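What follows is a short report on a single structure.
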Amino acid sequence: MNILVVAEMQLGKLKPSNRASIRMAQDLAKKDGDSFSMVLLGHQLGDAANELNRFGAKKLFVIDAPEFEHYLAKPLTDAVSNLAREHGFDRIVGCEATTARDFFPRLAGALDAGMCRGVSALCEVNGETCYQRAVFSGMALRTERIHTPIHVMTVDPTTMDDPTEGGAGEVVAFDAGVTVGDEIRFVELRRAKSERPDLSVADRVVGAGRGIKSAEYLETIGALADKLGAAVGATRAVVDAGWLPNEFQVGQTGKAIAPKLYFAIGISGAVQHAAGIRGAKTIVAINKDAEAPIFKIADIGIVADLFDVVPQLIEGL
Amino acid sequence: MKVLVTVKPVADPNTPPAAWIAEQEGKGGSVNDVANYFDLIAVEQAIRLKDIGVTDICIVSVTDDSKMAQVRSAIAMGANRATLIDPEGKQLGAYQLAASIAHVVKKEEPAFVLMGKQATDDDASQVGPLLAGMLGWPQATFVSEIGFNDDRSRVTVGRETDEGVEVLDVKLPAIITCDLRLNEPRYATLPNLIKSKKAPMERLKFTDLGIEDKPRVTVEAYSLPPGRSGKAKMVADTAELLTTLKDMKLVD
Ligand SMILES: Cc1cc2nc3c(=O)[nH]c(=O)nc-3n(C[C@H](O)[C@H](O)[C@H](O)COP(=O)(O)OP(=O)(O)OC[C@H]3O[C@@H](n4cnc5c(N)ncnc54)[C@H](O)[C@@H]3O)c2cc1C
C-alpha cells in the first residue's frame, strides 16, 4: 500500500479535520507495516507545512501556488491525481468536509477508483480491509469494500482518535502543473464573523432550536456559550428562519460534531439533527415537551421552559 | 433551454432503521419509497427557471417500473418528460449511475444538469461530482442560490460550505447539485399527477449502454450504530441541572 493523506487549509490555517485523515492513514499503514505520505495544498502556506509535519509521514509534498488560494474542485482534482499517478499512491485519504466531499468523487473518477465517503472505522471481512460508514441519516452503519486497485476515501472526524505524534518527513515541493481556466471563478465567501470557537471542533457547543422563538434570543444563547467557552450551533429550523447563517447548522445536511458537551435548547431532536450530534459525549436537553425525541438520545434532560432555565444557567455558572 | 434533472426513489426517511436494513438485505419488510427530497428541490428549481428561459425539463432516473410513482410525482410538479434507465435488477454503484446519466447527457446536450446534493438513503454525495468529471464539466455542489448572467452562458451560484456561503461564477454547461435552502419544493396536484401519465417517457436498459458493470464498491454488511444510552437522567430544576453538570465534571 502506498498511502497519501490530502491535507487542506481553511481560512489560512490547517483544517482541524486533517487530524482524522492522518489517524486513518496511520491505522491503514499499521495494518500492512507500511508508511504514509501527505500532501498539503494551498497558497502562502507559511508555517503550516512544519506544523503538519510531525506525525511520522515518510514524505510531505507541498503544493503552494496561487491557483490554490481559493478552493476549486477541478484544479485540486488535477493536482492530486497528477501526484498520485506520478508516485503510485493507491490509498487516497481526505477529511469529510464540504471541500473533500465536493472534489473527492471527481478525484476517484479521474483515478478509476472506488470511493467511500465519511469512513468511520476500518474493519475486516474475509481478510480484506473494508470501510464502515454511516448511512440513512446516521441511523445505520454500512460496511463497504472497494474492488479497484486504488481506494479513495473521506474520513468522518467525529469518530476518529487523535493521530499519534511522530517524526518529520522529507518535504518535497511538487509542481502540480495545473492551470485554472475560466469555467469557474471564485467570487467571494460570505461568512459571519464570530469570536467563538470553531463549531466543527469545539469541546462544548450550545445548540439552539426553533424553541428560542426569535433571533433576538440568540444573544442570551450566546451569553451562555461565552460562559461555557462554547461554540453556538443550530437546527435547520433556525437557519431557515434566517436567524443564523448556514455554517451554524448541525445535522445530516450541516456539520457533524463531536463535542464533549452539547446543550440542545428548544430542539425537538429530529433524526436529521440527531445525525449531527451522535458523536457528542454528553447531550443535555432542555425542552418543555417531555415527549420530545431529543430526550431519547440525551444523557441529561430537563422538562422546562428554556426562557427560565437558560438565564438561571448563565447566573449559576 | 433544456435542463436535465435527476431523481432517485429512496426509502422514506421516517422508516425505522431496522426495517430499512432488512429491506436492503433482501429480508423483506415493507418500506415506503419517496422521491429523494434533494432531487425534488432540483426539480422545483428547474420549474422556477422556466420564467427565464428554461423550456424543456427532462427527468432522468435510474430505476425500475416498481418505483414509477416517485418519478411520476416529480414529472407532475411541472417537468415535460422523462428518460428512465432500467438497472435490470443489478445493484449499480455511484460509477454506474454517473455513467448512465452521462449517456443521457451526451445525447440530450442540456444547458445544465440539476441534481440533489445527496441521496437520503446512502448519503454518498458522489454521483454529481463523478458525472461532472466524466463530462469534463465544471461542478457547483451544495447550491442554495442560482442566478443567470445576461446572455445565459454562465450562472452565479451560492454554495453552502463549512466556512460560509461561497459564491462562484460558473460557465455552462455545468453540473449543479442542490442544497436545502435553494427552495421549498411544491406538491404535485392530482390533475397534474393524472396528466403526468401521458408525459413522453423514454426507456433505456442499463445493459444496452455499454457501461462496465463490475461494481467498484460493494456493500458487505449493515448494522445498527451503537445506541446512545437512551436513558437520560432527568433533573427537576436548574439547580439540580447545575449540580449534576458539576458532579459529572462537565463544567467547573
Ligand atoms: C432532507 C432533510 C434534511 C435535513 N437536515 C437537517 C439538518 O442537517 N439539521 C437539522 O437540524 N435539521 C435538518 N432537517 C430538519 C429536521 O427534520 C427538523 O425539521 C429540524 O431539525 C427541527 O428543528 P428544531 O428542533 O429547531 O424545531 P422543532 O422541531 O420545531 O422543535 C422545537 C422544539 O422546541 C421546544 N420548545 C418550544 N418552546 C420551548 C420553550 N419555551 N422551552 C423549551 N422548549 C421549547 C418544542 O417542544 C420543540 O421540541 C432536515 C430535513 C430534511 C427533510
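Observations
- Most mobile listed residue (A:26, A:44, A:132) in chain A, GNM with C-alpha springs under 10 Å: A:44
- Applying a threshold of 26 Å to the alpha-carbon distances of A:227/A:281; A:13/B:246; A:59/B:214; A:15/A:59; A:213/B:249; A:31/B:249 flags A:13/B:246; A:59/B:214; A:213/B:249; A:31/B:249 as lying beyond it.
- Annotation: per residue accessible area for chain A equals 39 Å², rounded to a whole number [probe 1.4 Å, protein chains only].
- Among A:121, A:280, A:211 the positive-end extreme of the charge dipole of the protein assembly as shown (Cβ point charges): A:211
- For chain B, accessible area per residue (1.4 Å probe, heavy atoms of protein chains only), Å²: 43
- The stretch between residue A:162 and residue A:215, if pulled fully straight at 0.36 nm per residue, gains 15.4 nm over its current Cα-Cα span.
- Shielded by partner chains, the range B:115-139 residues - at least 50 Å² of accessible area, 1.4 Å probe, vs chain alone: B:122, B:123, B:126, B:139
- Cα gyration tensor shape for chain A, rounded if a/c is under 1.5, else prolate or oblate: prolate
- Selected from A:147, A:43, A:273 as most flexible by GNM, with chain A as the system and alpha-carbon contacts under 10 Å: A:147
- Cα centroid separation, the range A:178-250 to the range A:1-71 (Å): 27
- Shown for the range B:162-191: residues covered by the partner protein chains by 20 Å² or more of accessible area relative to the chain by itself (probe radius 1.4 Å), namely B:162, B:163, B:164, B:165, B:166, B:167, B:168, B:169, B:171, B:180, B:181.
- Comparing mean-square fluctuations of A:87, A:70, A:151 from a GNM of chain A with C-alpha springs under 10 Å, the top value falls on A:87.
- Gyration tensor (alpha-carbon) shape descriptor, the range A:204-316, a/c threshold 1.5: rounded
- Accessible carbon and sulfur surface of the range A:33-188 relative to its total accessible area, %, 1.4 Å: 42
- Among B:46-53, A:164-171, sorting by the average number of other beta carbon atoms lying within 10 angstrom of each residue, highest first, gives B:46-53, A:164-171.
- With contacts taken as Cα pairs under 8 Å at a separation of at least 6 residues, chain A carries a relative contact order of 14 percent.
- Placing unit charges on the Cβ atoms only, positive for Lys and Arg and negative for Asp and Glu, gives chain A a dipole magnitude near 540 debye about its Cα centre.
- Relative packing of peptides A:225-234, B:219-228 - highest average C-beta neighbours within 10 Å first: A:225-234, B:219-228
- Spin-label model, residue B:197/residue A:128: points 7 Å from Cα along the beta carbon direction are separated by 4.5 nm.
- Highest average packing first - B:8-15, B:114-121, Cβ atoms within 10 Å: B:114-121, B:8-15
- Accessible area buried between chains B and A, both sides summed, probe 1.4 Å, in Å² to nearest 100: 6900
- Note on residue B:205/residue A:30: beta-carbon distance plugged into 1/(1 + (r/R0)^6) with R0 of 51 Å gives a FRET efficiency of 0.65.
- Counting Cβ atoms of other protein chains within 10 Å of each Cβ in A:141-151 and taking the mean gives 5.
- Length-normalised contact order for chain B - Cα pairs under 8 Å, 6+ apart - percent: 23
- FRET efficiency estimate (nearest 0.05) - Cβ-Cβ, residue A:147 to residue A:58, R0 22 angstrom: 0.25
- Shape category assigned to the range B:2-227 from the gyration tensor of Cα positions, a/c cut at 1.5: rounded
- Overall, the accessible surface of the range B:2-227 at a probe of 1.4 angstrom is composed of carbon and sulfur to the extent of 50 percent.
The values are calculated or read from the model by the stated rules, or taken from the named source; none is laboratory data. Remember, it's a predicted structure, so these values are computed and weren't measured experimentally. FYI the Cβ positions are ideal-geometry reconstructions off the backbone, even for glycines, and counts take in every protein chain you see. Just the protein is used for accessible areas: all its heavy atoms, side chains included, with ligands, DNA and RNA removed. Shrake-Rupley method; radii C 1.70, N 1.55, O 1.52, S 1.80 Å.
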